[in-house]
Amino acid sequence: MLKRSSAWLFVLIATFVFGQKTPIQITADLTEAPRKLYHAEIDIPVTAGPLALITPKWIPGYHSPGGPVADITGVVFTANGKTLPWRRDDVDLYEFHLTVPSGVSSVHAHLDCITTNVTASIAVLEWERLMLYPAGIPVHDIPIQASVIVPPGWGIGTSLTPISAYDAQHPAGGTVHYAATTVEMLEDSPIMAGAYFHEYALAPELTPKHYIDVFGDSAEVADVRPTVLEHWNRLIHEAWAMYGAPHYRSYHFLLALRGAMGGGGLEHHESSDNSLPERGLSTDNDEMVGSGLLPHEFTHSWNGKYRRPAGLATPDYATPMKGELLWVYEGLTDYLGELLAERCGATSAEHYREALALDAANMDNTTGRAWRSIGDTAISISGLATSAFGRGGNAWANWRRSADYYPEGNLLWLDVDTTIRKLTNNSKNLRDFMVIYLNKGGGTTPTVVPYDLNEIVTDLNQVVKNDWAGFLNERVNGINRHVNVEGIGQGGYKLVYTDKPSEYLKARMAQRGGGTDVWFSLGVALDTDGTTITDVRVGGPADKAKIFPGEKIMAVNGRVYSKDALHAAIRQSKTASAPMHFILQNDTMVTEADVDYHDGERYPTLERVEGTPAYLDDITKPLAQTGEAK
Ligand SMILES: [Zn+2]
């Protein structure tokens, strides 16, 4: 909350406007990145008097007050060689108060940041880790000029414009200076740096230009297979075909291939900060599992960065964000990202449907939907986020729910897409909405054009008249015990469970560990070792037997526990009349439980409903190759 008096604010603005001609200068020193330490030297133009400096709190893309101020350490302010005392704000812990002595026109700040987002040879700098600037001023009005120092031999990937000689293909480390920009654009332009680096130009026939900067912990990892590069080339064409003109001067995918599992991304206007497992691109199956990531973050350049819900388009990083429309910001992006991954060839239509089935099944088995709407998961994400995404992760996560507006949004926008097709006899589809929604001013440089719910409804009605307000309200704000599979149904398919995991689910479990393999049968999620129960599906067979998260399985049906023994017992349950018998350990106690389950293995997939329009098959056809592209 901002709580300064207006007189105080006036002093601040006057102070800064006076010194505005000179940009803040920040030098980020990443030479100690392998030791998990970043440093910054910052020169801030000032005038004498009270000064409030602030570091980002509400980080775009996180939609929550997660700025890493707790990791910012070693803060020292000096002016004319003398140390200046500072005091942290009592309420806003991101803000530092100091008094600038008369005759001083520039304050120097040194700070360090403890960071975990590094490996021995890869560093990622999102600028909220080091940036400091005057409080109370819109961040697009604050000029700043950045320089970066990396270890010798390291390459740099970024959308910032270098003004000193630097050849990314032949990196030599050292200092690189970048053109002056604003605090808003610097925050939106991360740096990825590393010892093993390969920059590839994508779709070079198009302007503006696109690059992917790939970093690994070895040279071999940063070397990408030609088929993967071909998919990424097609991704650019598919995105342009679906969204029209971009709003970037050039675009850099920054990609770190690191670690055994996981991955994630953070969207920016002219770049995205992505990570995949080290072997995340090594085989077609590995590529398929993480295929949605780059298309998702790329889509955000249009939907999320350029078009942004009014509640998330805040003037600075101190103003709280409102997440009520995240089912558009993230949900629509989730739908489009998965679709583009399929259209560019990074996954097949069949595997796309299998992933869709997993989303639908996960959401249908998220029991917290009995008390919370999708809309509530969006509204509350800024304060109530959990890492588990309500899909069998942390204890009782399925009852709590988490950022479910991603997978629910995927299903919702499929519903919108197929409803438009149904109402127009397949002559219109979601692309017609995108053309209207994405054609709202803004040029070829990064611009934010905010929207509200009324605009979404108006744009949809422009595509085809329908009660879109009621349609969206029912699906977003209603308490619906079962997942919305209308889009799948209208697409010509239905969600079913079979006794074998789909190819997609098998590949996913191989890359990311178990977790979900007995979720749809027994109703328990297991940790990566496969022994400890991390979540129990409320109302499921294990829940009815009073099994709970945190317990360890020691034996099943008289056999010492192993994953194989568990699956054998599940398979036998179909013909067994007796319940499954478990011996469990809870801390120092041992208990027994009988699970009355007889349905064998259960894994979700989609099945074609013959004789119905197969809109889903139309939806998965590439656009750029069918002449529909502009
Ligand atoms: Zn996203």
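The values are calculated or read from the model by the stated rules, or taken from the named source; none is laboratory data. Only a predicted model underlies this, so the values are computations on that prediction, with no experimental measurement involved. Cβ coordinates were reconstructed from backbone atoms using ideal geometry, including for glycine residues, and neighbour counts include every protein chain displayed. Accessible surface is based on the protein model in full, side chains and every heavy atom, while ligands, DNA and RNA are left aside. Shrake-Rupley method; radii C 1.70, N 1.55, O 1.52, S 1.80 Å.
Once you've got the Cα coordinates, tell me which of K494/K546; K322/K422; K500/K552 are over 29 Å apart.
On the way: K494/K546 32 Å; K322/K422 33 Å; K500/K552 25 Å.
Among K494/K546; K322/K422; K500/K552, the Cα-Cα distance tops 29 Å for K494/K546; K322/K422.
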Next item on the list: Would you pull out the residues with amide H under 5 Å of T182's amide H, same chain only if 5 or more places away, H placed 1.01 Å from N?
Entry: I144
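If you average the sequence gap of Cα pairs under 8 Å that are 6 or more apart and divide by the length of region 183-323, what percent do you get for the contact order?
Values: 226 pairs, mean separation 28.0, N = 141.
It rounds to 20 percent for region 183-323.
Show me the ranking of peptides 32-40, 567-575, 230-238 by mean Cβ neighbours inside 10 Å, starting with the highest.
Numbers: 32-40: 18.4, 567-575: 16.2, 230-238: 21.7.
Answer by packing, highest mean first, reads 230-238, 32-40, 567-575.
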Item checked: For region 87-103, Karplus couplings with θ = phi - 60° (6.51, -1.76, 1.60), whole Hz, Gly/Pro x -> 9, 6, 5, 5, 9, 9, 6, 8, 10, 10, 9, 8, 10, 8, x, 5, x
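Would you mind counting up the charge near E126? Only other residues with Cβ under 9 Å from its Cβ, with Lys and Arg at +1 and Asp and Glu at -1. Intermediate values should be presented prior to the final figure.
Numbers: positive: R129; negative: E128, E187, D273.
Neighbourhood net charge equals -2.
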Checklist line | Cα long-axis angle, helix 453-463 against the chain (0 to 90 degrees, to the nearest 10) | finding: 60 degrees
Check: Rg and Dmax of the chain over Cα atoms: what are they, in angstrom?
Finding: 26.0, 88
Check: With contacts defined as alpha carbon pairs under 8 Å and 6 or more residues apart, what's the relative contact order of region 564-630 in percent?
Finding: 25 percent
Check: Under the Karplus relation 6.51 cos²θ - 1.76 cosθ + 1.60, θ = phi - 60°, what is the ordered set of whole-Hz ³J(HN,Hα) values for region 227-244, x standing for Gly and Pro?
Finding: 5, 5, 4, 5, 4, 5, 4, 5, 4, 4, 5, 5, 5, 4, 5, 8, 10, x
Item checked: Vicinal HN-Hα couplings computed from phi for region 266-274 (Karplus, 6.51 cos²θ - 1.76 cosθ + 1.60; Hz; Gly/Pro x) -> 9, 7, 9, 5, 10, 7, 8, 9, 10
Next item on the list: Give me the lysines in straight-line cross-link reach of K36: C-alpha distance below 26 Å, same-chain residues under 8 apart excluded.
Entry: K57
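Whole number please: convex hull volume per residue, Cα atoms of region 155-288, in Å³. Please report the intermediate quantities before stating the final value.
On the way: hull volume 16.3 nm³, N = 134.
It comes to 122 Å³ per residue, whole-number rounded.
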Margin query: Only bridges whose two residues both fall in the chain count here: according to DSSP, what percent of them are antiparallel, nearest 5?
Written below: 75 percent
Next item on the list: Provide the net charge surrounding H567, with neighbours chosen by a C-beta distance below 11 Å and charges set as Lys +1, Arg +1, Asp -1, Glu -1.
Entry: -2
Check: Spin-label point model (7 Å from Cα, Cβ direction): what's the R249 to V538 distance in nm?
Finding: 5.1 nm
Check: Once fully extended, how much extra length lies between Q572 and R88, figured as 0.36 nm per residue of separation less the alpha-carbon to alpha-carbon distance?
Finding: 167.9 nm
Next item on the list: Collect residues whose amide H, placed 1.01 Å from N in the peptide plane, falls under 5 Å from the amide H of L84; neighbours closer than 5 in sequence don't count.
Entry: F77, T78, A79
Item checked: Percent of beta bridges antiparallel (DSSP, region 192-315, rounded to nearest 5) -> 40 percent
Checklist line | Accessible solvent surface per residue of region 480-630, calculated while the other protein chains remain in place, 1.4 angstrom probe, Å² | finding: 49 Å²
